[in-house]
Every structure is written in C-alpha cells, then in structure tokens.
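Engineer: I am attaching a structure below and will ask some questions about it afterwards.
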Amino acid sequence: MINIDEKNLKHGILGLVIALVEVITDALKLQATKRVKSGRLTKEEIERLGKALAELDKAIEDIKKEQGITEAVQGVRDNLDDLADDVINKIIDPKKLEEQIEPKQKS
Amino acid sequence: MNQNKKAKEGRYVYCVAKNLQITRIGKIGIENNDVYTITYKDLCAVVHNCQLKAYVSKNEEEIKNWIKIHQNVIDIASEKLGTVVPLTFDIIIKGSNEAVSDWLKKDYDRLTRILKKVKDKQEFGVQIFWNENKISDKIAEKNQKIQNIKKDIKKVSEGEAYFYKDTIKTILKKELEKKANEHFKQFYDIVKNNVDYIRVDKIKKEKGKQMLMNLSCLVHKNKIKNLGMELEKINKIDGFTVKFTGPWPPYSFVNSN
C-alpha cells in the first residue's frame, strides 16, 4: 500500500522537477561549450557564460540540499537511464537479452 | 483413470532430485503441510498436498513468509536428497500423485539433464564494487591532459575556468568508463575461469556504493576455495570491494517452467 502524504508528494514532485532542470542544464552546458570552442565568443562573453552556468550549478545544489532531495533526484535520473537502456536493448535484439546465460563447457 | 479429471486437488512442487531412498521430508511445508516425495524412475519430486489454487495474498509479509518456507524446504530437501533442481515459488500441479509422476515422466530427459548440470554445484553471487571517487582521483593524477588543464585554470578568469573544469569532468567521465570496461572484462575472466557457469546480472544501484558488476555463478564444490581466493585478491585491490554470497540451490541455472 502506498502511503501518500503531502510531504512525500512534494518530495517526489520536487525530485522530478529538479531532475528535469538538471537534464536541461546539461543540454545548456553542451551548447555553451560548443560556442566557447567555436572561437566566436569574446572573452567577456565567455566569462559571463561561465559565471552564469556556475551560479546555476550552485543554485541547483543548494535547492537539493535545502529540500533534502539529492537522492530523490539521483533516483529519477537513474530511472531515466534504465528506461533508455531498456528501449535501446529492445531495438537492438530482443533475443540477445536471453543469451546472458553463458555455459562454460567443462573439458 | 478419472483421478486427474475430477481433481480439485493439486500437488505443490518444491524441487526435483535424483533420489529413491527418502520418502518423507517433514511437516515443514507452507501452512504446515507434510512434505514428501513422489517418484518416477530415478527422479523424485518434493511436494505437499494442496488445493488447486495458487497461494496469493494482499499481505506482503504473508507472501514473504511463504517464500521463506519454500526456500527452507528446498534447503532441507537438498540436505537429505543431494543436489536438487529448485522450482520457483507457487508451482502447483493439478491432480494427485499420478499427475506428478506423469510430469516427471514427460520431462524426464530435461530434468535429468539439468540435474547432471547442477550435480555437486551450488549457486553463488559475486558483486564487485568500486570507489568511483578514489579511482577518479587516481586517473586525474596520472592523466597529463587533466594536469595541464589544472595548471591553466590557475591562470584564467572565473568564468573561463568553469569551462576548463567542465572539460576535466568530461575527460574523467570517459576515462572512468574505459577503466570500468577494462576492469569488468578483467574480473569477469578471472571469475569465469574459476566457476562452471556464469551469468551477468543487472547492476543494482545501492546507496553510497558503485557496483561494477553483478554475477551469478554455478560452482562445483571443489572450485569454491579457489574462487574465494581469487575474489579475496580482487578485494585487496585499493578502491575495490567484493561481496561474495551463497551458497544457494541453483535457482538461476535451471530455467524450469
């Protein structure tokens, strides 16, 4: 029986939201890094970008600590990874999954 | 025989063994049922009489308890009968003793094959953990690229340093993954050479620990000591921990349905 009380619900939803924020932030960082490496940004722009991302990172860490959801967030992200793995496995070959039993032939 | 046709009774099956000597296991079955054996040729099935309905419950504790009893019966049966082919929880054959003999007869070849495969062997679990932070630090120390970037970070401004740090993270992540694959292969080969059958199981995410590999192994009793020694060697490596569990009846290696 699942015990849903207000605190649990808030905890769960927050975990989900912050996990999503982290995923989006990762995408942001990737784009930003590409721009920096492209050489098209000025030193000031790079400085501003880097500082902003650093602040974003810190803000997310602070929220996780204050709300006590660091593990919840990690849990959501792990689940997303597992989900992605499952989908990929199914695409690759459903039968391949069964071949995990590897008999060693005794001589 | 009309026995099977009008049977509302069944036989709950715990396991199968190659033994004709023992007929009674004890009053240790689920719901205190009497557990005994039904034979066909040189095989026997360990059963208790039950109604033709599965053991279901909404109470998680009750189910856990039944499973515990199921496993206990298999353990005791193993002690009395020798190697067994364990069945999963809640397998009930419709009918009476004859139905069970028929089942043994139908599956005789397959069961005999499985019994031969698992004879004198037990199942063990091998889980290897590593300290990602420690290993990461070691990698960083030895990686020239990272050391160079670290020097550069001291020279640049805060914002720019962010991207340098991010680059280090990316390199570390890639190198860590490479190391993980190397170690996986290395340890897998070591274990494989010391067991009879091996199966790769899903990595379990445990709090505060990073699991590198999760293996189920079927090991002949003569090989257990060697396997233990090899695992102890791995356990002694800095940053690595080995969890060696068992023995259990060969649940993972029998594919029974």
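Engineer: Sort through B:GLU141, B:GLU230 and tell me the only one that's acidic (Asp, Glu) and either in a loop (DSSP other than H, G, I, E, B) or more than 30 Å from B:GLU79 (Cα to Cα) (or both). Lay out the reasoning, then the answer.
Structural biologist: On the way: B:GLU230 fails: either in a loop (DSSP other than H, G, I, E, B) or more than 30 Å from B:GLU79 (Cα to Cα) (or both).
Exactly one of B:GLU141, B:GLU230 is acidic (Asp, Glu) and either in a loop (DSSP other than H, G, I, E, B) or more than 30 Å from B:GLU79 (Cα to Cα) (or both), namely B:GLU141.
Engineer: For the list (1) of a type outside the set (Lys, Arg); (2) within 22 Å of B:CYS15 (Cβ to Cβ); (3) free of Cβ contacts under 8 Å to residues at least 24 places away in the same chain, I need the number of the one condition that B:HIS220 fails.
Structural biologist: If we test B:HIS220 against (1) of a type outside the set (Lys, Arg); (2) within 22 Å of B:CYS15 (Cβ to Cβ); (3) free of Cβ contacts under 8 Å to residues at least 24 places away in the same chain, just (3) comes out false.
Engineer: Among all residue pairs at least 6 apart or on different chains, which show Cβ distances below 6 Å where the first residue, located in the stretch B:199-212, is farther than 13 Å from A:ASP82 by Cβ and modelled with pLDDT of 85 or more and the second is of a type outside the set (Phe, Trp, Tyr) and part of a loop (DSSP other than H, G, I, E, B)?
Structural biologist: Within 6 Å, the pairs are B:MET211/B:ILE203; B:MET211/B:LYS204.
Engineer: What is the residue count in the stretch B:228-250 for residues that are in contact (Cβ under 8 Å) with a residue 24 or more places away in the chain and away from chain A (no Cβ under 13 Å)? Please lay out each step first, then the result.
Structural biologist: From the stretch B:228-250, those in contact (Cβ under 8 Å) with a residue 24 or more places away in the chain are B:230-231, B:234, B:238-250; that's our starting set.
Then drop every residue that is not away from chain A (no Cβ under 13 Å), which leaves B:230-231, B:234, B:238-249.
Residues meeting the conditions: 15.
Engineer: Pick out the one residue from B:LYS179, B:LYS185 that is within 14 Å of B:ILE135 (Cβ to Cβ), more than 10 Å from chain A (Cβ to nearest Cβ), out of contact with any Leu (no Cβ under 6 Å at 6 or more places or on another chain) and in a helix (DSSP H, G or I). Let's see the steps before the verdict.
Structural biologist: Numbers: B:LYS185 fails: within 14 Å of B:ILE135 (Cβ to Cβ).
Result of the check over B:LYS179, B:LYS185: B:LYS179.
Engineer: Among all residue pairs at least 6 apart or on different chains, which show Cβ distances below 9 Å where the first residue, located in the stretch B:145-161, is away from every other protein chain (no Cβ under 14 Å) and the second is loosely packed, with under 13 Cβ neighbours inside 10 Å and in a helix (DSSP H, G or I)?
Structural biologist: Note: pairs meeting the criteria are B:GLN147/B:GLU141.
Engineer: Also, quick follow-up: Give me a count of the residues in the stretch B:233-257 that are part of a helix (DSSP H, G or I), in contact with a helix residue (DSSP H, G or I) (Cβ under 7 Å, 6 or more places away or on another chain) and within 22 Å of B:HIS183 (Cα to Cα).
Structural biologist: Qualifying residue count for the region: 1.
Engineer: Is there a residue being polar (S, T, N, Q), touching a helix residue (DSSP H, G or I) at 6+ places or on another chain (Cβ under 6 Å), touching a residue at least 40 places away in the same chain (Cβ under 8 Å) and more than 14 Å from every other protein chain (Cβ to nearest Cβ) anywhere in the stretch B:125-136?
Structural biologist: We begin by selecting, within the stretch B:125-136, every residue polar (S, T, N, Q); these are B:127, B:131, B:133, B:136.
From what's left, touching a helix residue (DSSP H, G or I) at 6+ places or on another chain (Cβ under 6 Å): B:136.
The next check asks that each one be touching a residue at least 40 places away in the same chain (Cβ under 8 Å); those that pass are B:136.
Those still in the list that are more than 14 Å from every other protein chain (Cβ to nearest Cβ) too: B:136.
Within the stretch B:125-136, one or more residues are polar (S, T, N, Q), touching a helix residue (DSSP H, G or I) at 6+ places or on another chain (Cβ under 6 Å), touching a residue at least 40 places away in the same chain (Cβ under 8 Å) and more than 14 Å from every other protein chain (Cβ to nearest Cβ).
Engineer: Of the numbered conditions (1) closer than 27 Å to A:LEU83 by Cβ; (2) touching a residue at least 12 places away in the same chain (Cβ under 8 Å); (3) within 14 Å of chain A (Cβ to nearest Cβ), B:LYS121 fails exactly one; give the number of that condition.
Structural biologist: B:LYS121 satisfies every listed condition except (1).
Engineer: Quick check on B:LYS165: is it part of a loop (DSSP other than H, G, I, E, B) and within 10 Å of another protein chain (Cβ to nearest Cβ)?
Structural biologist: Details: part of a loop (DSSP other than H, G, I, E, B): no; within 10 Å of another protein chain (Cβ to nearest Cβ): yes.
Here the answer is no, as B:LYS165 does not meet what is asked.
Engineer: Being assigned to a helix (DSSP H, G or I) and crowded, with 17+ Cβ neighbours inside 10 Å is true for just one of B:ALA45, B:ALA77. Which residue is that?
Structural biologist: Values: B:ALA45 fails: assigned to a helix (DSSP H, G or I).
Every option except B:ALA77 fails the conditions.
Engineer: Check off (1) in contact (Cβ under 8 Å) with a residue 40 or more places away in the chain; (2) more than 9 Å from chain A (Cβ to nearest Cβ); (3) not in a helix (DSSP H, G or I) for B:ASN194 and give me the number that stays unchecked.
Structural biologist: Result: B:ASN194 fails condition (1) only.
Engineer: Right, another one. Quick one: how many residues across the stretch A:31-73 are more than 13 Å from chain B (Cβ to nearest Cβ) and surrounded by fewer than 18 Cβ atoms within 10 Å (Cβ to Cβ)? Walk me through how you get there before you give the answer.
Structural biologist: Here is the first cut: in the stretch A:31-73, the residues more than 13 Å from chain B (Cβ to nearest Cβ) are A:40, A:59-69, A:73.
Filter again for surrounded by fewer than 18 Cβ atoms within 10 Å (Cβ to Cβ), leaving A:40, A:59-63, A:65-68.
Number satisfying all stated conditions: 10.
The values are calculated or read from the model by the stated rules, or taken from the named source; none is laboratory data. What you see is a predicted model, and the numbers here were worked out from it, not measured in a lab. Using ideal geometry, Cβ is built from the backbone for each residue, glycine included, and neighbour counts are taken over all protein chains shown.
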